[in-house]
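In what follows, a structure is listed as structure tokens, so that the remarks can point back to it.
The values are calculated or read from the model by the stated rules, or taken from the named source; none is laboratory data. Keep in mind the model is a prediction, meaning the values are calculated, not measured. Note that each Cβ is placed from the backbone with ideal geometry, even for glycine, and that neighbours are counted across all protein chains shown. Note: accessible area is taken over every heavy atom of the protein model, side chains too, but ligands, DNA and RNA are not part of it. Shrake-Rupley method; radii C 1.70, N 1.55, O 1.52, S 1.80 Å.
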Amino acid sequence: AKGGFPHFMLKEIFEQPEVLRNTMRGRLLTAEGNAKLAGLDTNIKELRNINRIIITACGTSYYAGMVGEYMIEDLAGVPVEVEYASEFRYRNPIIKPGTLVIAISQSGETADTLAALREAQQKGATALAICNGVGSTIARTSDGGVYLHAGPEIGVASTKAFTSQVTVLAMIALLLGRQRRLSFETGADIVKDLLELPDLVTETLKLSDSIAEIAKTLCKANNFLYLGRHFCYPVAMEGALKLKEISYIHAEGYPAAEMKHGPIALIDENMPVVVIAPKDSLFDKIISNIREIKARGGKVIAVTTEDCHPLDEIADHIITVPKTRPMLMPILACIPLQLLAYHIAVLRGNDVDQPRNLAKSVTVE
Ligand code: M6R
């Protein structure tokens with residue numbers, strides 16, 4: 001059942017190129033520079049007129065939603081908020097005409113996410129779902145939506161569902177963008193970049209052995225910090241969650257520039273800091289954040305792209321992933337973090353697929 005892999009989690013990490021192909025199959029229109037999502041066909045006119053989006057989810061699905069927020073605002077210019085389902089459901093949220101709610105859930109059975117979706121519907125919103133579980137309660141309750149087609153995810157730590165969710169959100173952002181201000185040319189570029197992703201993920205997976213080596217130097221740490229900016233800020237959050245879940249090491253994700261507003265006090269030579277630093281318009285900013293960490297003796301593990309100088313001279317470990325457009329970088333940048341958490345957990349002798357205290361789907365509050 002594990003296809004020759006020692007754990008479901010590793011199998012699912014390595015399935016990601018195929019999963020992304022399945023998530024995108026038949027949904028990208030190269031000639032039109034657009035996406036076509038059959039599950040949204042009945043909502044397509046309404047989508048043209050929405051003026052606000054609330055994304056609601058829990059855990060890893062919430063972090064995918066954070067990437068979605070940035071993508072949709074960037075491409076479509078529609079304001080987006082992301083909210084934990086457990087908060088949304090109990091705080092009497094404001095839903096006005098023109099507000100669309102999108103619930104994200106791998107399982108489609110998470111109690112809080114289902115309740116948030118129902119709360120949105122009761123307040124008159126159209127509520128869409130992004131789910132993996134076909135025929136799941138959330139999928140059936142929603143007013144439309146998009147399946148991931150990621151196949152069953154057995155490992156409690158979500159991996160392939162995250163990259164697939166971000167891919168679906170990219171397609172939704174593309175579609176909403178093309179209904180509004182996004183040009184054909186940019187749309188066509190995004191389609192091309194999306195279609196190239198599976199091969200780039202295959203490239204990225206080749207890093208597994210070298211990440212296993214890095215893991216050996218880090219597996220005894222008691223605390224980790226994960227930092228990222230812009231599209232890769234949610235990746236920092238997701239990387240920290242993966243480490244917590246399966247290695248039982250305390251880890252926190254932060255927007256890189258927030259570090260000096262508090263967490264910098266934690267940094268010493270025992271504190272590994274994983275920084276997601278692709279070469280993009282914010283590269284210089286993140287380099288100065290990294291210099292601040294090094295000045296305090298912290299150990300820096302940088303996930304970056306080619307031509308990362310001067311990072312190669314500052315960081316303790318460099319993990320180089322292929323480059324894609326910034327909004328799609330989370331899909332590539334999260335993979336080394338999945339692998340790092342995995343290898344550290346294995347070295348610590350933990351049950352990777354069924355970590356203590358956790359269930360695959362949280363169907364009670
Ligand atoms: O099935 P869902 O996407 O609704 O699950 C949400 C969270 O419970 C889930 O992402 C959880 O945080 C994972 N264990 C993360 O790896």
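Results, tabulated for the structure shown:
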quantity	calculated
Dimensionless Rg ratio for the range 27-97, taking C-alpha atoms and the 2.2 N^0.38 Å reference	1.25
Table column - 3J(HN,Hα) (Hz), the range 124-140, Karplus curve with 6.51, -1.76, 1.60, x for Gly and Pro	x, 7, 6, 10, 9, 10, 10, 10, 9, x, 6, x, 5, 4, 5, 4, 6
Candidates D143, D353, D41: whichever shows maximal mean-square fluctuation once the chain is modelled as a Gaussian network with Cα springs under 10 Å	D41
GNM flexibility winner over the chain from H250, H261, H317 (Cα, springs under 10 Å)	H261
Probe 1.4 Å, accessible area per residue of the chain, Å²	40 Å²
Spacing of the two label points (7 Å from each Cα toward its C-beta) at D74 and E269, in nm	3.9 nm
FRET efficiency, T217 to E306 (Cβ-Cβ, R0 41 Å, nearest 0.05)	0.95
Among L194, Y84, F283 - extreme Cα towards positive end, dipole of the chain, charges at beta-carbon	Y84
Per-residue [θ]222 nm for the chain (sum of -39500 (n - 2.57) over DSSP H runs n ≥ 4, rounded to 500)	-14000 deg cm²/dmol
At least 20 Å along the helix axis (C-alpha) and Kyte average at least -0.5, DSSP helices within the chain	59-76, 160-178, 184-205, 233-247, 329-347
Links that overshoot a 19 Å alpha carbon limit, given the list K216/K285; K2/K360; K192/K323	K216/K285
Sequence ranges 17-24, 168-175, 278-285, 358-365, ranked by mean other-Cβ count within 10 angstrom, highest first	168-175, 17-24, 278-285, 358-365
Of Y70, L114, P355, farthest towards positive along the dipole that unit charges on Lys, Arg, Asp, Glu beta carbons give the chain	L114
More than 18 Å apart - percent of Cα-Cα pairs taken over the range 248-308	30 percent
P(r) tail fraction, the chain - alpha-carbon pairs more than 38 Å apart, %	14 percent
Accessible surface of the range 155-220 [probe 1.4 Å, protein heavy atoms]: carbon and sulfur percent	52 percent
With every protein chain in place, the range 226-337: carbon and sulfur % of accessible area (1.4 Å)	49 percent
Lys, Arg +1 and Asp, Glu -1 on Cβ, resulting dipole of the range 226-267 about Cα centre, debye, nearest 20	80 debye
Overall form of the range 60-175 per C-alpha gyration tensor (a/c, 1.5; a/b vs b/c)	oblate
Separation in nanometres of the label points that stand 7 Å from Cα toward Cβ, at V362 and T42	3.1 nm
Accessible carbon and sulfur surface of the range 82-129 relative to its total accessible area, %, 1.4 Å	47 percent
When the range 188-260 is reduced to its Cα atoms, the Kirkwood hydrodynamic radius in Å	14.2 Å
Cα-based shape type of the range 278-365, given that a ≥ b ≥ c are square roots of the gyration tensor eigenvalues and the cut on a/c is 1.5	prolate
For the chain, size of Cβ-based charge dipole, Lys and Arg +1, Asp and Glu -1, in debye	600 debye
Largest-first ellipsoid semi-axes for the range 213-297, taking √(5λ) over the Cα gyration tensor eigenvalues, angstrom	20, 15, 12
Qualifying GluC sites (Glu not before Pro) in the range 225-304, DSSP loop, other Cβ atoms within 10 Å at most 11	E269
Sites R21 and R296, calculated FRET efficiency, Cβ-Cβ separation with R0 56 Å, nearest 0.05	0.80
Dipole moment magnitude, nearest 20 debye, the range 219-363 about Cα centre, only Lys, Arg, Asp, Glu C-beta charged	220 debye
Cα gyration tensor shape for the range 1-141, rounded if a/c is under 1.5, else prolate or oblate	oblate
Label point distance in nm, R348-Y248, each placed 7 Å from Cα along Cα→Cβ	0.8 nm
Hull-based mean projected area of the range 1-65, where the convex hull spans the alpha carbons, in square nanometres	7.0 nm²
Positive-pole candidate from P255, N43, L241, dipole of the chain, charges at beta carbon	N43
Antiparallel %, DSSP beta bridges [both residues in the chain], to 5	5 percent
Overall dimensions of the range 175-324 as given by Cα atoms, namely Rg and Dmax in Å	16.7, 51
